[in-house]
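Reviewing the structure listed below.
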Amino acid sequence: MDPCIFCRIAQGMEPSYPVFENKHVLAFLDNNPFTQGHTLVIPKRHYINMFDIDEEALEEVVSVVHLLVKRYEKIIGMSGVDILNLSGVDGQQTVYHFHIHIIPRFPADNLVSWIKSIPRVESDLKSTQKKLMSD
Ligand code: 5GP
Ligand code: ZN
């Protein structure tokens with residue numbers, strides 16, 4: 001049996017609540033949602049994370065993320081959305097099959113994004129830019 005839980009879900013070997021499927025991509029509800037409609041969008045093929053996925057597969061996943069955001073805006077009336085990918089140990093990824101979270105946001109949903117709750121670091125932008133632009 002495939003050890004990857006999301007591969008098993010993609011193959012229909014594990015129960016899930018799918019909300020969209022095409023040839024290469026599956027979207028299903030997160031079983032421990034932050035808000036109503038919290039959805040995971042995955043490539044059916046196994047890629048570990050953002051370091052591993054190829055451009056074509058990423059484009060297919062992102063295109064479904066966009067389609068679902070437009071759909072959810074209409075259907076559940078979300079007034080905002082957080083799109084999230086955690087990659088790698090220090091990215092605090094827990095399931096090592098690439099996925100993008102769609103986290104619908106609503107007025108007063110009481111969800112404080114971690115990204116808003118931490119202090120920023122000092123950074124020399126000029127030297128950072130130089131480093132990031134070198135090959
Ligand atoms: P990560 O921390 O890797 O970005 O997110 C993994 C997400 O997958 C979590 O939000 C978690 O609730 C969800 N998850 C883990 N196992 C399962 C599962 O078996 N089924 C579903 N639907 N979601 C899962
Ligand atoms: Zn997998």
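Considering every residue within region 45-57, establish whether at least one is touching an Asp or Glu at 6+ places or on another chain (Cβ under 9 Å) and in a helix (DSSP H, G or I). Checked against the condition, which is being touching an Asp or Glu at 6+ places or on another chain (Cβ under 9 Å) and in a helix (DSSP H, G or I), region 45-57 yields no hits at all.
Exactly one residue out of HIS66, HIS46 is away from ligand 1 (no atom under 11 Å from the Cβ), open to solvent by 20 Å² or more (accessible area, probe 1.4 Å) and closer than 23 Å to ILE115 by Cα: that is HIS66. Screening the candidates VAL61, VAL41 for the property of being within 11 Å of the chain's Cα centre (by Cα), within 16 Å of ligand 2 (Cβ to nearest atom) and not in a helix (DSSP H, G or I) yields one hit, VAL41.
Here's the yes/no breakdown for (1) in contact (Cβ under 8 Å) with a residue 24 or more places away in the chain; (2) over 21 Å from ILE5 (Cα atoms); (3) within 16 Å of ligand 2 (Cβ to nearest atom):
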{"site": "ALA57", "(1), (2), (3)": "yes, no, yes"}
{"site": "SER87", "(1), (2), (3)": "yes, no, yes"}
{"site": "PRO104", "(1), (2), (3)": "yes, yes, no"}
{"site": "ILE118", "(1), (2), (3)": "no, yes, no"}
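Within region 6-39, which residues are within 10 Å of ligand 1 (Cβ to nearest atom) and either open to solvent by less than 90 Å² (accessible area, probe 1.4 Å) or of a type in the set (Lys, Arg) (or both)? Across region 6-39, the qualifying residues are PHE6, ARG8, ILE9, GLU14, SER16, PRO18, PHE28, LEU29, ASP30, PRO33, HIS38, THR39.
Apart from one condition, ILE75 fits all of (1) within 16 Å of ligand 1 (Cβ to nearest atom); (2) aliphatic (A, V, I, L, M); (3) open to solvent by 60 Å² or more (accessible area, probe 1.4 Å); the exception is (1).
LEU40 fulfils the conditions (1) touching a residue at least 24 places away in the same chain (Cβ under 8 Å); (2) out of contact with any Asp or Glu (no Cβ under 7 Å at 6 or more places or on another chain) except for a single criterion, (2).
Filtering region 83-105 to residues that are open to solvent by 50 Å² or more (accessible area, probe 1.4 Å) and either under 13 Å from PHE34 (Cα atoms) or not in a loop (DSSP other than H, G, I, E, B) (or both) leaves only ILE83.
Of the residues SER123, SER127, the single one that is modelled with pLDDT under 95, exposed (fewer than 12 other Cβ atoms within 10 Å of the Cβ) and either closer than 22 Å to HIS38 by Cα or more than 16 Å from ligand 1 (Cβ to nearest atom) (or both) is SER123.
The values are calculated or read from the model by the stated rules, or taken from the named source; none is laboratory data. Worth saying up front: this structure is predicted, and the values here are computed from it rather than measured. Neighbour counts are summed over all protein chains in view; Cβ atoms, including those assigned to glycine, are modelled from backbone coordinates with ideal geometry. To get the accessible areas, we keep the full protein, side chains included, count just its heavy atoms, and leave off ligands, DNA and RNA. Shrake-Rupley method; radii C 1.70, N 1.55, O 1.52, S 1.80 Å.
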